[in-house]
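To keep things clear, I will list the structure first and then write my remarks on it.
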Amino acid sequence: MKCNILIITIDSLRADKCFGIKKTAETPNIDKLIKNGFYFSQVISASDGTHVSLGSILTGQHPFNHNISTFENHSNAKINFNELKLNGYNLYATTPDQHFFKTLTSEFHGKDIVSGRPYLRTFEGFGDKIITRLSSKKMQEPWIYFTHIMDLHVTKPIPNQFTDEKFGHDGFDKRLSIIDIWIGKILEKIDMTKTLVILTADHGEFEPNLDYDIGSVPKLQKTFRGIKSVSPKFMEPVGTKLFVSIREKMRQKKLKKIQQNMNKNELRRMTERGHDKLFDECLRVPLIFSGFGVTSSSVIDQQVRQVDIFPTIVEIIDIPQNVLMNGTSLVPFFKGEKINELSAYFEGTPEMDEKFGKSIGIRTPKFKYYRSRFDSNKNIHLFDLENDPLERKNIATSNLEVVSDMEKLLQNILNIKHPMKNNETMDEDEIKKAKKVLGDLGYI
């Protein structure tokens with residue numbers, strides 16, 4: 001019997017917010033998936049940006065092979081879905097209205113491309129779209145259903161009923177509590193005995209409990225919410241645009257004010273993704289396998305990678321792996337077996353109008369190393385993860401032999417070349433629209 005496959009990716013969900021002592025969100029449904037399946041606590045994202053990392057999740061390939069970025073090569077992400085289609089699977093999705101997702105799902109049997117300002121959250125109708133799709137009698141088995149949830153981009157206020165601290169100590173965890181409720185609704189619509197469920201994230205995010213985070217200022221949000229309750233609907237988008245326009249000035253002012261009073265680890269939390277620093281806050285993501293094909297349960301602390309996700313799916317559903325992948329199946333873990341702990345390659349997401357991210361690196365269980373993509377002698381960072389898991393001290397200059405060894409490991413991975421053939425760039429109108437959305441989210 002061919003099982004159904006449900007893939008849920010949650011934008012910006014870092015690992016320590018999903019599981020562990022730092023989590024304050026109320027997540028009974030995610031917890032149940034973990035209890036009845038396998039949770040991988042040391043999953044390393046291929047990038048700190050959405051398009052590059054989703055490219056690795058969906059292709060099983062390193063970024064330098066799939067070549068997917070913000071504005072380029074989006075159809076490369078379809079390759080494994082096309083293989084599933086050839087093997088009798090019906091493809092369905094509910095995704096944000098974005099070029100990447102529209103291209104990814106262009107040949108699906110059914111899809112909902114959900115427009116919003118800039119993206120709808122689950123509680124604004126996106127969740128209802130998911131439930132309607134899963135409830136539809138048009139969903140023909142065996143199916144694969146993919147959805148990408150944007151709630152953790154917090155440019156909009158959360159509903160008043162979730163502001164209580166029981167849902168989390170900060171806005172990030174409160175939003176995760178909302179997502180969990182919808183995950184529960186999703187799971188009610190599927191048969192876990194014949195559905196393989198994969199829940200993961202594209203990348204993490206820096207500390208979300210500051211005066212601004214991921215494109216929002218809670219105090220401004222509260223003001224906008226209050227104004228909206230007594231004013232026309234146009235006040236909220238006006239407020240969001242106002243915030244976006246002053247966000248960078250506020251950030252620079254705050255950085256200057258506090259940098260004398262903060263240690264290095266605290267100061268870096270005021271930075272943003274997509275630059276030349278690649279800390280674990282933005283690279284460690286959750287990964288859950290539950291349901292069909294997962295007959296036992298465990299929390300796995302061994303390092304694995306995003307590129308291992310699709311090879312695992314292919315083995316569980318027992319179809320030929322006709323696509324070249326850089327990842328390794330995680331199925332041996334489900335059988336109580338061990339596999340060698342592999343090095344994880346990662347790279348920075350490109351900034352706007354740039355083709356490549358500024359930094360590339362490699363992570364082993366003991367060390368993390370990254371440096372400039374274009375010059376191996378610049379921006380060199382080395383961290384001893386065993387003794388300095390928070391990456392507070394860059395030890396590169398005093399450990400040149402380790403740097404040399406890590407560079408050799410990095411080169412070994414970079415030499416694994418089998419790039420995809422497609423070489424596509426979005427047209428100017430699509431790029432303009434994409435930049436508008438990213439601007440609304442506070443990225444540019």
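If we only count helices (runs of 4 or more DSSP H) wholly inside the range 31-122, which ones have 3 or more residues that are β-branched (V, I, T) and surrounded by 20 or more Cβ atoms within 10 Å (Cβ to Cβ)?
Hits in the range 31-122: 50-59.
Kindly list, by first and then second residue, each pair from a residue in the range 92-111 that is over 15 Å from M150 (Cβ atoms) and free of Cβ contacts under 8 Å to residues at least 24 places away in the same chain to a residue that is part of a loop (DSSP other than H, G, I, E, B) and of a type outside the set (F, W, Y), limited to pairs with Cβ atoms under 7 Å and residues at least 6 apart or on different chains.
Close Cβ pairs satisfying both conditions: K111/T105.
Would you tally the residues in the range 338-390 being closer than 17 Å to Q42 by Cβ, among the aliphatic types (A, V, I, L, M) and surrounded by 15 or more Cβ atoms within 10 Å (Cβ to Cβ)?
Qualifying residue count for the region: 4.
With the condition kept exactly as written, say whether any residue in the range 29-36 is acidic (D, E) and within 18 Å of the chain's Cα centre (by Cα).
no
Within the range 129-151, which residues are among the polar types (S, T, N, Q) and either in contact (Cβ under 8 Å) with a residue 60 or more places away in the chain or crowded, with 21+ Cβ neighbours inside 10 Å (or both)?
Listed by number, the list holds a single entry, T147.
Which residue out of T328, T312, T295 is surrounded by fewer than 23 Cβ atoms within 10 Å (Cβ to Cβ), at pLDDT 95 or above and of a type outside the set (G, A, S)?
T328
Enumerate the pairs (first residue in the range 401-428 and not assigned by TED's automatic domain parsing to the domain that holds H99 and modelled with pLDDT of 85 or more; second residue anywhere and exposed (fewer than 13 other Cβ atoms within 10 Å of the Cβ) and not in a loop (DSSP other than H, G, I, E, B)) with beta-carbon separation below 9 Å, excluding pairs fewer than 6 apart on the same chain, so at least 6 apart or on different chains.
These pairs meet every condition: V403/T397.
Hand me the list of strands (runs of 3 or more DSSP E) wholly inside the range 307-391 holding 1 or more residues that are of a type in the set (S, T, N, Q).
The qualifying strands (runs of 3 or more DSSP E) are 359-363, 367-372.
Return a yes/no flag: does the range 152-173 have any residue that is closer than 23 Å to L58 by Cα and either aliphatic (A, V, I, L, M) or in contact (Cβ under 8 Å) with a residue 60 or more places away in the chain (or both).
Checked the range 152-173: at least one residue is closer than 23 Å to L58 by Cα and either aliphatic (A, V, I, L, M) or in contact (Cβ under 8 Å) with a residue 60 or more places away in the chain (or both).
For the range 393-416, which positions are β-branched (V, I, T) and in a helix (DSSP H, G or I)?
Listed by number, the residues that qualify are T397, V402, V403, I413.
Scan the range 316-367 residue by residue and report those that are farther than 23 Å from K417 by Cα and among the charged types (D, E, K, R).
D318, K335, E337, K338, E351, D353, K366
Those residues that are β-branched (V, I, T) and within 23 Å of L414 (Cβ to Cβ), I need them from the range 318-335; list them, please.
Listed by number, the residues that qualify are V323, T328.
Return yes or no: is P332 of a type outside the set (S, T, N, Q) and without any contact (Cβ under 8 Å) to a residue 40 or more places away in the chain?
In short, yes.
Mind checking which residues of the range 136-166 are farther than 27 Å from L86 by Cβ and of a type in the set (S, T, N, Q)?
The answer is T155, N160, Q161, T163.
The values are calculated or read from the model by the stated rules, or taken from the named source; none is laboratory data. It should be emphasised that the depicted structure is a prediction, and the values quoted were computed from it without experimental measurement. Positions of Cβ are generated from backbone atoms using ideal geometry, with glycine treated the same way; all protein chains shown enter the neighbour counts.
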